[in-house]
Each structure stands twice: as structure tokens, then as C-alpha cells.
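Trainee: Have a look at this one.
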Amino acid sequence: MVGYAFCGSFCTLRQSVEQLRRLAEAGEALLPILSFHAATLNTRFGRAEDFLREIKEICGREPVLTIEDAEPLGPKIPLEALVVAPCTGNTLAKLAAGITDTPVTMAAKAHLRRSRPLLIALASNDALSANLKNIASLLEKKNVYFVPMRQDDPENKPHSLVADFERIGDCLREAKAGRQGRPLFLGKD
């Protein structure tokens with residue numbers, strides 16, 4: 001089974017849900033994991049209740065919504081891999097610092113105890129400023145991989161990076177084989 005975690009980059013949730021659906025259609029058994037914000041906040045991009053219902057429908061199981069329910073994902077419920085898509089800058093910083101105060105960060109910590117792949121699909125407005133050091137820190141860690149990313153709006157958001165969500169399936173296969181998908185940073189479309 002593959003864990004698939006969502007954080008609160010609400011403008012990219014739809015892209016991530018589409019990739020979750022593709023993985024499910026390809027026969028991947030999926031366990032959804034949601035950050036507190038992804039599970040509870042209603043935004044201009046949608047209602048949390050509708051999002052939860054769709055995730056349950058796609059995966060065919062209840063999502064992990066608490067730190068307590070995420071803790072067994074390493075030792076007692078081993079996952080083949082864990083995808084965090086979208087991964088916010090906040091969650092990225094917590095992963096780099098070893099902070100485990102959300103279901104997603106606890107799932108990642110528990111999962112990495114088994115030396116299995118963690119795949120990060122970043123969506124952060126400060127990736128090329130405050131979070132650049134955290135990208136570098138995580139690139140050095142064993143079993144941590146990134147979905148290739150690009151600047152989504154270099155003129156108006158010069159520090160922002162967003163993963164190419166279309167590549168999640170391919171990058172998941174690469175991560176399971178112990179390889180980082182390349183190129184890591186993409187040019188313009």
C-alpha cells in the first residue's frame with residue numbers, strides 16, 4: 001500500500017486529487033493522509049467535507065486524520081512508499097527539522113523509520129528563499145525524493161516553486177526503485 005498525504009496548498013489540491021485518481025485506476029492500493037488544514041478548512045477552492053468525501057471514494061478507505069492514527073504507519077502498518085502532494089513550505093520545513101506535529105509529518109517520520117521512499121511534490125511560495133535550505137537538507141537524506149518542479153510565476157512570485165503533478169506516477173515508480181526523477185528543476189513549458 002502507498003500512503004498519499006495532502007497538505008494545505010489549496011490551489012494545487014485538484015491537481016493532486018487527479019493524480020491520486022490515476023494511481024487508484026492503475027491498481028495502486030492507497031491510504032489517504034491529511035494535514036489538519038487540508039482536512040478541515042473550507043476555501044475558495046472547495047469545501048473540506050466535499051474533499052474528504054472524494055478522497056474516501058477514490059481510495060476506498062477512511063483517511064488518516066490524527067497524529068495518533070499516523071504513528072503506526074512505519075512500525076505496524078508498513079507502507080511501500082509515501083507521497084506528500086502537495087507538500088507546503090511549512091510541512092517541508094518541519095520534515096527537514098524533524099518536527100512531527102501533524103498527521104502528515106508523523107506519517108513521514110514513522111514511514112522513514114522503515115527506510116522506504118518518501119516522495120515530495122512541493123507547492124511553496126517561499127521555496128527559493130526561506131525554504132531553499134530545507135530542499136537542500138532533504139535532498140541529502142536517504143529515501144527522500146522530489147517530484148520535478150518549476151517556478152509557476154517567476155515575474156509575480158519569484159520565490160515560488162510548484163511540482164509537476166503530472167509526473168507523480170512516474171516519480172513514484174522511480175522512488176520505489178531508489179532513484180530521483182530528473183531533471184529536478186524544470187524550465188518553462
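Trainee: For the chain, set up a Gaussian network in which alpha carbons nearer than 10 Å are linked by springs, and say which option among 93, 48, 26 fluctuates the most.
Mentor: Taking springs between Cα atoms under 10 Å, the residue moving most is 26.
Trainee: Within 10 Å of each candidate Cβ there may be at most 15 other Cβ atoms; applying that plus a DSSP loop requirement, which trypsin sites (Lys or Arg not before Pro) in the range 1-96 survive? All intermediate terms of the calculation are to be shown ahead of the outcome.
Mentor: Values: sites: 14, 21, 22, 44, 47, 53, 56, 61, 76, 94; in loops: 44, 47, 61, 76.
Loop-located and lightly packed - 44, 47, 61, 76.
Trainee: Kindly write out, for the range 130-140 in residue order, the coupling ³J(HN,Hα) from the Karplus curve 6.51 cos²θ - 1.76 cosθ + 1.60 (θ = phi - 60°), rounded to whole Hz, with x marking Gly and Pro.
Mentor: Once θ is set to phi - 60°, the couplings for the range 130-140 become 4, 9, 4, 5, 6, 4, 4, 4, 6, 5, 7 Hz.
Trainee: May I pose another question? Which net charge results for the neighbourhood of residue 111, defined as the other residues with beta-carbon distances under 11 angstrom from its beta-carbon, given Lys and Arg at +1 and Asp and Glu at -1?
Mentor: Details: positive: 109, 113, 114, 116; negative: 71, 80.
Summing Lys/Arg as +1 and Asp/Glu as -1 gives +2.
Trainee: Could you work out [θ]222 nm for the chain from helices alone, using -39500 (n - 2.57) per DSSP H run of at least four and dividing by all its residues? Round to the nearest 500 deg cm²/dmol. Each step should come with its number before you reach the end.
Mentor: Details: 8 runs with 70 residues, N = 189.
Per the formula, -10500 deg cm²/dmol.
Trainee: Test of understanding: in a Gaussian network model of the chain with alpha carbons linked when under 10 Å, which of 107, 177, 38 would top the mean-square fluctuation ranking?
Mentor: In this elastic network of the chain, the residue with the biggest mean-square fluctuation among 107, 177, 38 is 177.
Trainee: Rounded to the nearest 5, what is the percent of antiparallel bridges among the DSSP beta bridges in the chain?
Mentor: Working: 5 of 23 bridges.
Of the beta bridges lying entirely in the chain, close to 20 percent run antiparallel.
Trainee: Same structure, new question: Quick one: longest stretch of the chain between exposed loop GluC sites (Glu not before Pro), exposed meaning at most 12 other C-beta atoms within 10 Å and loop per DSSP? Intermediate results must be reported in sequence, preceding the final value.
Mentor: Numbers: sites that count: 140, 155.
After excluding every exposed loop site, the longest remaining stretch is 1-139.
Trainee: I'd like the projected area of the range 48-89, averaged over all directions, using the convex hull of its alpha carbons. Report it in nm² with one decimal. Write out the running numbers ahead of the final one.
Mentor: On the way: hull surface 15.8 nm².
For the Cα atoms of the range 48-89, the hull's average projected area reads 4.0 nm².
Trainee: Then there's this: More than 31 Å apart: what percent of Cα pairs in the chain qualify?
Mentor: Details: 1411 of 17766 pairs.
In whole percent, the long-distance tail amounts to 8.
Trainee: When only DSSP loop residues count, what chymotrypsin sites (Phe, Trp or Tyr not before Pro) in the range 1-70 have their Cβ near at most 15 other Cβ atoms within 10 Å?
Mentor: Values: sites: 4, 6, 10, 36, 45, 51; in loops: 45.
Passing both the DSSP loop test and the Cβ count: 45.
None of the figures in this text is laboratory data; all of them are computed from the coordinates on show. From a predicted model like this one, the values you see are computed outputs, not experimental measurements. Cβ sites come from the backbone with ideal geometry, for glycine too, and all protein chains shown count toward neighbours.
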